[in-house]
Every structure is written in C-alpha cells, then in structure tokens.
Amino acid sequence: MNKDIWVFIEQVQSNISGASLELLGEAVRLKSKMKNPGKIVAVIIGSQLSELIQVVSMFGAEKIYVADHRKLRLYQPDYYAAILTHLIHQEDPHILLIGATYIGSQLGPMVAIRVDTGIAAHCVELKIDDNDNLVAVVPAFGGKLLGDILCPNYRPQMASVKPGILEKPERIEVQSQIVPVDINFLSLVEPKLKPVGICCHEPKGVPLEQAEVVICGGWGVGDAEHWQMLEKIAAKLGGAVGCTRPALDEGWSQGEHTMVGTSGKSIRPNVYLGFGISGSTHHVCGMKDSKLIISVNKDEEAEIFNFSDFGLVGDIKEILPLLMQSLGIS
Amino acid sequence: MALKIVVCVKPIPDPAYYKDITIDPVTKTIQREAIPTIINPADKHAIEEALKIKEKFGGKIITLSMAPPNVIKNIHEALAMGADEAYLLTDKKFAGSDTWATSYILAKAIEKIGGIDLVITGTETGDGGTSQVPSQLGEWLKIPHLWNVIEFKIKNEKEVYLKTKIENGFMEWKCKLPMAIAVSREINTPRYTTIMGVMKAKKKPFQKLTFDDLNLDEKRIGLVNSPTQAGNLHLLDLSRKGKIIKGSKEELAQFIIDNLKAGGISVEADPIICSCEGETGNE
C-alpha cells in the first residue's frame, strides 16, 4: 500500500484552475508531515496539454498522468470519471484531492461512488494524523461548526477544496515523470451526455477574492439606486462589491459569483465595509478572515455588529451619498 | 409525453437559527433539537422546475425526502406548491448516513418508485452543504447527470438541451432522458403556496418507506457504515470586539474614510463637513 497523494488538475480551455495548483501546494505540505510519505502525483485530462504539463511540473508534481486526446477537449463527466477510476484502480493512491469548482464538484463525488470510497466536501483545512491518514476539516451549518472528517476504511481518502481557501502554491523544482494514459478503453464508454459548447468571459473589474477593499451590501441597502452607489464607491476605491443571499435574490447585485458566504466566495480583504447586512452565519463565515471589518446598520442590535471591529449605527441612505461626495463621485 | 419526475426535497434545520447551535460539552454532540425545520431553499427551485415541466408536458411529480418522521409540515408545503405525491424515507437505520450512503438509499427508493424520466434536486443544502448527493445519486441510478444547471429545455422525443454554470461562464449540453439534474437557484423563482394548494396537499398520496421496504445492504448505511466518519467538532468563535460607533451621518461617513486609510487603502477624499453645523443636536 503506497502513501501517494494525488491531485486532479482541472483545465478549462487550456487554463489550469487556481484550485488545482493550490491543491498541489497543499499536497507538498501534507507530504512533509507524513512519516512514510509517498509521491505527489498529478492527473491532467484534456487536449493539447504539453504547455500545461510544464506548469504542473513547476509546483512539485513528481509524477504526472496525462490523458491527452481531442475527445477530452471539453469536460465530459463520463470520460473524465472513467479515466480517474481506471487510474485509481490501477495505482491505489492514498489520498486524492480535487478542486471544488463547478466541474470538480460534480466529478469528485462521481469518482467516489465509482471507486467506492468517501469524500469530504469543501474542506477549509487538511491535516495528517499520526497514521499518515488524512483529516479533512469541513464546515457545517453555514460554517458555524467545523468538523473533522476521516475516511478510515476506504481508499483513496478524497477531499475537495474551494478555490482561494488554501495558500498560494510555491514553485518547487522537481524532476517530473510524465506518464501518458492509454485511453483506448474509452471506446467502451458511450456517454449519453454530450458537451456541445462552452462560453467563458473575462470577469469585469477586480476579482472579489483579490480586492484589498470589499464593499458588501445586504437586504438593508433597500433598492437598486443605492446599490449603484456601492458599485461606484467600490470602483473609485479600486475594490469590489460583494453581496449577501437576500441582496442577490432581490436582483441588485451582479450575480451569484459576487455572493460572499459559505456557499459563495470566501474573502479576506484588508478592509471589509458592510452596508445593510444582518449578519447571517453563512455570510459571516465567508468574510471572517477580513483584516478590518466595519459594518453600517441602522439597527443597533444587528447581529453583524458582533462580528465586526466597528459597528456604525446609521442610515446608509444618508451615509452613501456623503461618501460619494467626499470621494468626488458624481 | 407525460413525464414521471422525482424531486428530492430535504427538510433542514432553519438557517436563521444556526447562530444558536451549540455543542454539548459532555457528549460532544450538536444541540439542534429546538430548531424548526424548513424545506432546503435550493430544493424549492427543484420543485418549481418540475412544476414548469409538468405544466408544459404533463406528468406526475413525486417528492422524495429522507428525514426523521416529524417533518410532515415541510412535505405538505412541497405538495401545496403543486407536487402530486410524496414519499418520506424514515428509519433509525438511515440516521447519520454520509453522502455515499444517503445517495445509495435515495437511489434504491427511486428504483422502487420505478419508471422515472427525470430526477431533480437543488445544488446544495443549507445544513451539510456538501453538494455531493445529486451527482452521487445519478451515479447510483446509472443515468446521465449534471450539476448546477441554469437552463433546461425538453425538445422532442425526450431529447434535452441544458446549460450548466462554470467559472466565468457556462457549458451547453445535449442529453436524452432519463437523467438527473441539480438546478441552480437562478434557473427560476419558486412559486408561493396558495390556500387552495394547502387544502389540497393534505389529501394527496403520502407514503412512508422504511429500511424493510427497500432492497438495501444494511452494512452500507447509517452512521457506522458510512465511508466518511466524523471526528472532532469545533464551534467557530467569529466574534470581534464590535465597538459601536454613533454620531451624525457626517461623522460616520468620515469614520469610514479615515478607517479605509488606516486599513491601507489609498483614498483621495474631501473632508466631510456637516452642512447644517450648529443646528443638529448630535454629540
């Protein structure tokens, strides 16, 4: 039985998911904590991958399985799961890590059923116990509670982690062994599901996760007009706007990708400014790592004040125009 | 083309009460008994999508839940929205199942119901939030499945067109029924229940199924047999000093500007002066 740590490398249109590289970095850390470590192994699936293999080899992958074929250009769950299942049955890895991206969130649990093992979802921390086994820390009840998840009797021990949760990976020079995967067996797989198109657009403005200042709005912002003020102030400050679930449901925000919370984005800006936010556990768990948290709410009893450094009791409809004026926004 | 649709509906502890959750210091178990249950919000979008499909093509909507027996109120709400029949899987042997075991039990129940064209779930639940059950259910049923579906159209002859979300965009798919989909919240807006719906709900067929009704391997279900096992629990202390700041609107706005600067954000701002100095009574 080996102690190899595998990482699924997700690529969409020749862009490697940040989550995958973060997981490679995490694999290096986990390996350093093991008494009898195995190899760090990456699995990459897609088409025309030679440049991507170069990238993967710079982040500590000692062995890289490459399934490179035209019919793997677009993500097809049955093909991708069949390749991972095939390799797992062949090599019996100790741990398999996968990004909790849109693709990984489907692929990970699929593979867990096919190879008959457990998977811990959306981990916020990964640890190694005294027996070199994986301890996956997962949030529950909106993130209020963290629980250790173990997978004592099945292999591989699988875990998924959302993008941006783990630290940025460091470059590590290793001699990577490249192993092409023979995918002839895929001719036996006849998927009923056909990917017929893909559309990606460049995100506008500063990504929420990278912004130094994030202005979050909740239901208390009240209307689209005041939401526009949040957007303008954030743009002026070089920051980004986040929202809560109720503000998203009202249709004020730019969309689901701007929601901050356990089931949305996790942010850690230098300054978090919250307007009209009640302070649900879900939202707080997505912004708790912000360096400075300032919240404005007209209700002195608002829950959010307990999770803030400063709670400003005031009417945001009065304060936002003043901020606009001060910052020279017309 | 009448379709037989199963919608998975999970009763969950109401997220509005999550701040009250505590851990029993002696037994190390989660104290959540006092928290009322609601229909998992994402699952209402699954019910809505089924209703829209039924309105267009006809058919039958069957809700499937796995929960303790005291969730009848939630099941009636799903029926009041317009579902036709409900099944509740309830057995002490099911308790503590992880996503592997839960999806296995749900799949066996769907097999028992039989002849299903479409399985619809939400993308995630508010309590566990793993998002894993939809895909694992599709695997057990050995039918094609997609997660985070933002558009679902049935063409002729049970051929379907779908869109799923990916980072910064979407993918488009073609498939044939039967299949399983987990719908994103943005796919629709769930309808409210009506008084008529509520009255009808209580007369609709509702059946409980237990371990004995399903063809299950007892060694693969429940807390003890699940592949993943829970270890230590920790409550997160999220609280900060929460200093309350009161003052005039100008003072509060100036406070924000000053603290942006203190937080290292480059700000070019004019001082905020009270336009009605001397007239307000603010201290």
ask   = Among (1) closer than 25 Å to residue B:237 by Cβ; (2) more than 25 Å from the chain's Cα centre (by Cα), where does residue A:280 come up short?
value = (2)
task = Collect the residues in the stretch B:201-233 that are in contact with a strand residue (DSSP E or B) (Cβ under 7 Å, 6 or more places away or on another chain), touching a residue at least 12 places away in the same chain (Cβ under 8 Å) and of a type in the set (A, V, I, L, M), keeping them in residue-number order.
result = B:209, B:233
remark   = Within the stretch A:177-218, the residues that are over 16 Å from residue A:237 (Cα atoms) and among the charged types (D, E, K, R) are A:182, A:190, A:192, A:194, A:202
ask   = Right, residue A:232: outside the structural domain of residue A:142 (by TED's automatic domain parsing) and at pLDDT 95 or above or not?
value = yes
ask   = Taking the stretch B:244-265, which residues are closer than 19 Å to residue A:237 by Cα, over 38 Å from the mean Cα position of the chain (by Cα) and outside any helix (DSSP H, G or I)?
value = B:264
ask   = Do we find a residue being surrounded by 22 or more Cβ atoms within 10 Å (Cβ to Cβ), among the β-branched types (Val, Ile, Thr) and under 26 Å from residue B:211 (Cβ atoms) anywhere in the stretch B:75-86?
value = yes
query = Which members of the stretch B:52-68 meet the condition of being closer than 13 Å to residue B:119 by Cβ and either hydroxyl-bearing (Ser, Thr, Tyr) or touching a His at 6+ places or on another chain (Cβ under 9 Å) (or both)?
reply = B:63
query = In this structure, does residue B:19 turn out to be out of contact with any Phe, Trp or Tyr (no Cβ under 8 Å at 6 or more places or on another chain) and within 22 Å of residue B:130 (Cβ to Cβ)?
reply = yes
note = Picked from the stretch B:211-268 (must be under 26 Å from residue B:100 (Cβ atoms) and among the small types (Gly, Ala, Ser)), the residue nearest to the other protein chains (Cβ to nearest Cβ) is B:231
inquiry  = Take residue A:273 and tell me if it is at the interface with chain B (Cβ under 10 Å from one of its Cβ atoms) and surrounded by fewer than 22 Cβ atoms within 10 Å (Cβ to Cβ).
reply    = no
task = Find the residue count for the stretch A:165-206, including only residues that are touching a strand residue (DSSP E or B) at 6+ places or on another chain (Cβ under 7 Å) and not basic (Lys, Arg).
result = 19
remark   = Subset of the stretch A:290-330, residues surrounded by 18 or more Cβ atoms within 10 Å (Cβ to Cβ), more than 7 Å from chain B (Cβ to nearest Cβ) and among the polar types (S, T, N, Q), comes to A:290, A:295, A:297
note = Residues in the stretch A:150-168 that are of a type in the set (Gly, Ala, Ser) and farther than 13 Å from residue A:20 by Cβ total 1
Residue selected from the stretch B:157-193 under the condition basic (Lys, Arg) and in contact with a helix residue (DSSP H, G or I) (Cβ under 7 Å, 6 or more places away or on another chain), by the criterion nearest to residue B:117 (Cα to Cα) = B:176
query = Any residue at all in the stretch A:214-235 that is touching a helix residue (DSSP H, G or I) at 6+ places or on another chain (Cβ under 9 Å), part of a helix (DSSP H, G or I), surrounded by 16 or more Cβ atoms within 10 Å (Cβ to Cβ) and at the interface with another protein chain (Cβ under 10 Å from one of its Cβ atoms)?
reply = yes
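Per-residue answers, yes or no, for (1) touching a strand residue (DSSP E or B) at 6+ places or on another chain (Cβ under 6 Å); (2) crowded, with 19+ Cβ neighbours inside 10 Å; (3) more than 11 Å from every other protein chain (Cβ to nearest Cβ):
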position	(1), (2), (3)
B:3	yes, yes, yes
B:11	yes, yes, yes
B:25	no, no, yes
B:37	yes, no, yes
B:42	yes, yes, no
B:47	yes, yes, yes
note = residue A:283 meets each of (1) under 22 Å from residue B:262 (Cβ atoms); (2) assigned to a helix (DSSP H, G or I); (3) within 11 Å of another protein chain (Cβ to nearest Cβ) with one exception, condition (1)
note = Going through (1) within 11 Å of chain B (Cβ to nearest Cβ); (2) part of a strand (DSSP E or B) one by one, residue A:242 fails only at (1)
task = Pick out, from the stretch B:1-58, the strands (runs of 3 or more DSSP E) lying fully within it that include 3 or more residues that are without any contact (Cβ under 8 Å) to a residue 60 or more places away in the chain.
result = B:37-39
ask   = Among the numbered criteria (1) at pLDDT 95 or above; (2) more than 13 Å from chain B (Cβ to nearest Cβ); (3) surrounded by fewer than 18 Cβ atoms within 10 Å (Cβ to Cβ), which single criterion is violated by residue A:152?
value = (2)
ask   = What number of residues in the stretch A:252-270 are in a helix (DSSP H, G or I) and within 10 Å of another protein chain (Cβ to nearest Cβ)?
value = 2
ask   = Residues in the stretch A:99-118: is at least one at pLDDT below 95, part of a helix (DSSP H, G or I), over 16 Å from residue A:5 (Cα atoms) and of a type in the set (A, V, I, L, M)?
value = no
query = When you scan the stretch B:152-169, how many residues do you find that are acidic (Asp, Glu) and crowded, with 17+ Cβ neighbours inside 10 Å?
reply = 1
note = Apart from one, (1) surrounded by fewer than 18 Cβ atoms within 10 Å (Cβ to Cβ); (2) in a helix (DSSP H, G or I) all hold for residue B:115; the odd one out is (2)
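Consider the stretch B:169-209. How many of its residues are within 23 Å of the chain's Cα centre (by Cα) and not in a strand (DSSP E or B)?
So the count comes out to 15.
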key: Given (1) over 24 Å from residue A:92 (Cα atoms); (2) part of a helix (DSSP H, G or I), index of the condition residue A:82 fails   = (1)
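The values are calculated or read from the model by the stated rules, or taken from the named source; none is laboratory data. Keep in mind that what you see is a predicted model, and the values were worked out from it rather than measured. Methodologically, a virtual Cβ is constructed for each residue, glycine included, from the backbone with ideal geometry; neighbour enumeration extends over all protein chains shown.
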